[in-house]
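Take a look at the structure set out below.
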Amino acid sequence: MDETSDARAELDRLGRALRGQLVALVKDLTVRVHLRRLSLDEPEVADRREPLRYHYATVYQGDRPATVTAAETASRASRLLRAAGWEVTVSEEDDDGRRWRVVVAHRDGNRIRIGTCDEVPAVAFRGRTPALVIRPPRPPASRADRLRARRGR
């Protein structure tokens, strides 16, 4: 396997691990789960500078149970992530006067962000893998190649 294939295999592994963790969180923290909305089909360009870097990224929004507060949801998410070996920070953020509890977790370069607020039932999930080069960089065109391209040959 070449370096590019190895990088793609690693990115795919990270994407599967990220999706698996997000599925577990979504199932535990929200009601009326629709996992088909939680897709990581193909990596997307994360950085357009050559060589291009790709990552998997996804968002999902669900609702927490009506009897569970935002603080309880954030606390549960934090415990679940820590138990799975993630480094976790919890904070509060103001968004147009609404106070959101935010859990951010990192593991193996993957990142998960979960936000929830008492004023709305939503639990917002964002996940992304690190950005990796999975295609070899394009070699610079030679002067002869540039001239041929201009002439249409």
| query | Counting only protein heavy atoms and using a 1.4 Å probe, what share of the accessible area of the chain belongs to carbon plus sulfur, as a whole percent? | reply | 47 percent
| said: For a protection proxy built on the mean count of beta-carbon atoms within 10 angstrom, sort 24-32, 79-87, 44-52, 124-132 highest first, please. | reply: 124-132, 24-32, 79-87, 44-52
| Stokes-Einstein D in µm²/s, Kirkwood radius over Cα pairs - the chain at 25 °C with 0.890 mPa s viscosity | 140 µm²/s
| task | Mind jotting down the distance between the C-alpha centroids of region 102-120 and region 24-74, whole Å? | result | 9 Å
| Per residue of the chain, what 222 nm ellipticity follows from adding -39500 (n - 2.57) for every DSSP H run with n ≥ 4, rounded to the nearest 500? | -11000 deg cm²/dmol
| field | Inter-site label distance for GLU119 and THR69 at 7 Å from Cα along Cβ, in nm | value | 1.7 nm
| query | For the modelled label position 7 Å from the Cα of SER5 along Cα-to-Cβ, which residues of region 17-55 have backbone nitrogen atoms closer than 15 Å? | reply | none
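The values are calculated or read from the model by the stated rules, or taken from the named source; none is laboratory data. Since this is a predicted model, take the numbers as computed values, not measurements. For neighbour counting, all protein chains shown are included, and Cβ atoms are generated from backbone atoms with ideal geometry for every residue, glycine included. Side chains included, ligands, DNA and RNA excluded: accessible areas come from the protein's heavy atoms. Shrake-Rupley method; radii C 1.70, N 1.55, O 1.52, S 1.80 Å.
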